[in-house]
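Worksheet: one structure, shown below.
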Amino acid sequence: MNEMDLLTRFRAEVPLGVSPHAEELFRAGMTDHPTERRVAPPPRHLLARVRMPWRLAIAAGLTAGLAAGLLIAVQPSRPPAPTAVQPSSSPRLTVKLLADRASAAALAGPTVPAGQWVYRLTVTYTASPPRGVPAKITQGNWSTADGSLSYNPGSWGTSPGHALYSELGSLPRNPIALDRYLAKLSYPNANATQVNKDVADFGTIEELLSNDILPPSLNAELYQALGDIPTIQVKTHITDVDGRAGVAFVLPETSQSANLEIILDASDYGYLAQAAWEPSNGSPNSAIPFTETAVLKTTLVSGPGSVQPDSAPPSRAELTVERAATAMLGSSKSGLGDIPAPSQWIYRKLSAKGGTREVWARADDTEQASYVNGTLVTCARSASCASGTKWLVATGPAFTLIDPPTRAGPWLPDAPQALLDKLNTYRTGCTDTAGYCNAVGVIANLFSGYADVGISSLAWYFSLADVPGATVQNITDAAGRADVEFSFPFTGGITGILFNARTYQFAGYLRSGAQTLLLQQANVAGPGVRP
């Protein structure tokens, strides 16, 4: 089954729940109009009826995302191809007619949960790229449907575009009011000029259409709002950077921006690309390409790194991992990117069924110390005492694979599924190898000894959600703390991993039903020194 079949099936399984007015708009938008038809503002309940089963929220302003969109993500259409001329019987394409048709096409789109992962294949064209950089760059990237999380190989991030998801019930109910609202997201100054407002409004809509998969009714509202920006124009008979015939909403050049375009498919009015171009000889219908980003493929997938179509709604484990990722990326105390020196001593206080245990270990776990019968004993992995030492990282890749001494690596895989497969090659003593029990055991070891001291562990979190049969529950651990427990259907080894329910930092693990908890952790000067 191909990608379009999957999306068609998914759309058929999920009712749109739109109003009679929206259905009328859909039918009208798919036909040729003998005259321009101005659609009245959608009923006040059109947006209010949208119900998103999952919502992710992190504190982030929209202005930075818009600035990046205007400077980087917007990019160029080309002069019209001679064969792209529409038949003379077709009505003249006006701004409102294009807005109506785009809205109708949007209403026919699938309803996608906010936490659903989406893979996009894009091509970016730059007229004057830096030396050594090709003019066209094709790349894949992943994000959640609401834009709250993004993943590119080697990089995790957040996007502010998802802010509208948490405000669907309070958005303005007509396009003109929605325009004012969207403009203020970027230009909160009420005295801003109309030029500033139009640029801000267009930029906000452009950001949302290019980066997020919004509820169909909100997508339709955005196109209607786009059509109500006073300075918007239409450009017809163009091709995008991939050679596809298109039409475009155009925001003419202002003191705040170059000419900006949102390019739609000329036949079905689906989103194709965003562009920035410069006028030639003052004519708005001819352009010197500047930069353009076109979406070649959009596929619903199971998670970051996957390219296989999968429209199944996210599981609770996947949604929990997404919350953990947003919490870690949004916290200044997460330690992401703040990797301690390998020789740094770390103090840890652990609790297990037999009581508490204090362990001092270097960040790379090459040397460890603890009290034995009241005497502090320090041992290096290369010493003869190593075989009798209970190492924090008992099994798994060496620290140099997690934090290579040079940028050249070698590195562990960054994609969650590939990482899970690699970690499962290390043997931890469990026998349920088909169920990734070895990988889970390694992850527990590394969280205990490596990952919680500054290693970016987002791929590790998403790997846990990829373990077949993984479930999530909220518990109170033996220390009385509120935790989230990832449970795995194994017959031996590590059967559960615990994270703090608020910060999602590692809290402990379960082996054969018994908890081992991390109660305290801190950098210290050396063995025997307590925080």
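Some points to look at:
- By the count of neighbouring beta-carbon atoms within 10 Å, fewest first, VAL247, VAL301 end up ordered VAL301, VAL247.
- Karplus-derived 3J(HN,Hα), 6.51/-1.76/1.60, for each residue of segment 519-528, Hz, glycine and proline x: 8, 8, 8, 6, 6, 9, 6, x, x, x
- Each peptide in 349-356, 496-503 gets a packing score, the mean of other Cβ atoms within 10 Å over its residues, and the list from highest to lowest is 496-503, 349-356.
- Per principal axis, descending, Cα span of segment 343-428 in whole Å: 44, 30, 23
- Checking the cross-link pairs LYS136/LYS297; LYS197/LYS235; LYS349/LYS422; LYS96/LYS235; LYS349/LYS390 against a 23 Å limit on the alpha carbon distance flags LYS349/LYS422 as lying beyond it.
- Computed on the Cα trace of segment 190-253, the radius of gyration divided by the Kirkwood hydrodynamic radius gives Rg/Rh = 1.00.
- Per the Kirkwood formula applied to alpha carbons, segment 345-524 shows a radius of gyration over Rh ratio, Rg over Rh, of 0.95.
- Size of electric dipole in segment 372-455: Cβ of Lys, Arg +1 and of Asp, Glu -1, about Cα centre, debye, nearest 20: 240 debye
Since every read-out is calculated from the coordinates, none of them should be taken as a lab result. The structure displayed is predicted, hence computed values, not measured ones. Methodologically, a virtual Cβ is constructed for each residue, glycine included, from the backbone with ideal geometry; neighbour enumeration extends over all protein chains shown.
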